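Trainee: The structure under discussion is supplied below as structure tokens; questions concerning it will follow.
The values are calculated or read from the model by the stated rules, or taken from the named source; none is laboratory data. All figures in this text were calculated on a predicted structure; none of them were measured in a lab. With ideal geometry, Cβ positions are generated from the backbone for all residues, glycine too; neighbour counts draw on all protein chains shown. Areas reflect the complete protein model, heavy atoms only, side chains present, ligands, DNA and RNA absent. Shrake-Rupley method; radii C 1.70, N 1.55, O 1.52, S 1.80 Å.
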Amino acid sequence: MIDISTRQPIGDGATWSYSGQFGAPQMLGNKDSEVHMLQVLDAILIDGFNENTATGIELLPDGFVKIKFGTAVDYQLRQKLLISGANDPNLNGEHVITSAIGADFLIKAPDVTITTGTIKARVAPLGWESIFGSTNPKKRAYRSKNPNTTQSVLYLDVSYPPGSGYSTSGPIKRTMVSICRDMVDLGVQIGSYTDSVNNYSKNPNGSLFWRQKGYASKAEGVNIPTPSEWTIVGNGDYFYFMVDWVGYTAGLNRGLKDLYCFGDMPSILGEADEWCCVWTGINNPNDENNYYNPVSPVTTGVSSGKFFISKHDGTVDMPSFFFTPNGSAVNYTTGYSGGLEFPNPTTNSMVVSNLYTVSSGALRSTMPRILTISHSLGANYSAYNNKFIDGVLVVSVAATTGASNSFNAGYIGFDMGD
């Protein structure tokens, strides 16, 4: 018997970051901007960002170490820092921030005994690799470095092929997505899992996308100086990527986000179904005739295309799935449509549930860390965005509109550990 109510174990080393932090890479919206999603993913998956030199180190009781910077550096609770330059090797490497007090941060590092060195810290990357580096301005091929995962290749292309129908005046509006078993030359897929879905012979754009900035039609230019807000949660095996791409503000204010994700998720059947690589994004087989066609996260909390690879046999195998909090054929709540009072009157806390995938009537995989929120958290999408409630990182996925007020704030949660 599988008890799907049991909270998934923590300890897979996830970290998080968001676009509002100091030094975070941005996806700009001006018509002349060529700053795009790949630069954000390079920083978050591969390189890290916002490096600062510590002004002091202090050893505290119970194995805690205080790292002092002397000025605001904007590191966040439960974020991983990548530390280098310490004379004590036990301090170098990745450490989770357990407490933030002004410009000082606590980590748990009980083996540290030496506090000298030119100690630098930055927001740690998730630990992926870009197999062909980052020299190509339009294309990337990312994969996990963990040999125990499927190591499926996520191939992203922000260029516009001939006949795409997109305005090329900038900024980049979407990233085409392909997934394959391997890649030796950039862009040449070996064992593609997505070609039958993308069908490039029929549609030069393909059909699978992650969006960066959009307007009422793909043929229209976009000139909105505000960057696309984003939040990323994940580790070296998987990541969730939430992007506010909406440029059409006449009906929707900022804050409406798509939830994208990619990577290996724990299978319910373990080794019997060990290939469980999940992808979510936009699946639009109609050549995006109307680019502005969002799926409201208030209702679904996710984008419209959800697929996973069930086994590694070199064939295309990407059945669709849906998210569920309890294995039943129902959608999950997003901190808007839950209906429970906040905080819960009997516990004075927030009520959350784990998420799972269901495909063809079968419970297939768990979704690490991501949580559905059973409360209505209010109409202001920024009130809890990228903040912690009861140890849960809360991220806005919906906004309040202007006059019609048809969308209220919606949130999803992430269990980032104690």
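Trainee: So what's the net charge close to Gly23: Lys and Arg +1, Asp and Glu -1, counting the other residues with Cβ under 12 Å from its Cβ?
Mentor: -2
Trainee: Shifting gears a bit: Please report the antiparallel percentage of DSSP beta bridges with both residues in the stretch 26-120, rounded to the nearest 5.
Mentor: Here the share of antiparallel DSSP bridges comes out near 100 percent.
Trainee: Under the Kirkwood approximation applied to all pairs of distinct alpha-carbon atoms, what is the hydrodynamic radius of the stretch 78-198 in Å?
Mentor: 17.9
Trainee: Same structure, new question: What translational diffusion coefficient, to the nearest whole µm²/s, does the stretch 1-130 have by Stokes-Einstein, given a Kirkwood radius computed over alpha-carbon pairs, a temperature of 20 °C and 1.002 mPa s viscosity?
Mentor: Answer from the Stokes-Einstein relation: 133 µm²/s.
Trainee: Percent of alpha carbon pairs in the stretch 132-177 separated by more than 17 Å?
Mentor: Summing the P(r) tail past 17 Å for the stretch 132-177 gives 46 percent.
Trainee: Rg to Rh for the stretch 134-270: what is it, with Cα atoms only and Rh by Kirkwood?
Mentor: 0.98
Trainee: Excluding Ala43 itself, what net charge comes from residues whose Cβ is under 13 Å from its Cβ, given Lys and Arg +1 and Asp and Glu -1?
Mentor: -1
Trainee: Once the dipole of the stretch 1-142 is set up with Lys and Arg at +1 and Asp and Glu at -1 on Cβ about the Cα centre, which of Thr135, Asn52, Gly102 lies farthest towards its positive end?
Mentor: Thr135
Trainee: Explain nothing, just the number: dipole magnitude of the stretch 27-148 about its Cα centre with +1 on each Lys and Arg Cβ and -1 on each Asp and Glu Cβ, in debye rounded to the nearest 20.
Mentor: 400
Trainee: Could you order the peptides 43-56, 94-107, 361-374 from most to least packed, using the average number of other C-beta atoms within 10 Å per residue?
Mentor: 361-374, 43-56, 94-107
Trainee: What accessible area per residue comes out for the stretch 149-218, rounded to a whole number of Å², with a 1.4 Å probe?
Mentor: The answer is 31 Å² per residue.
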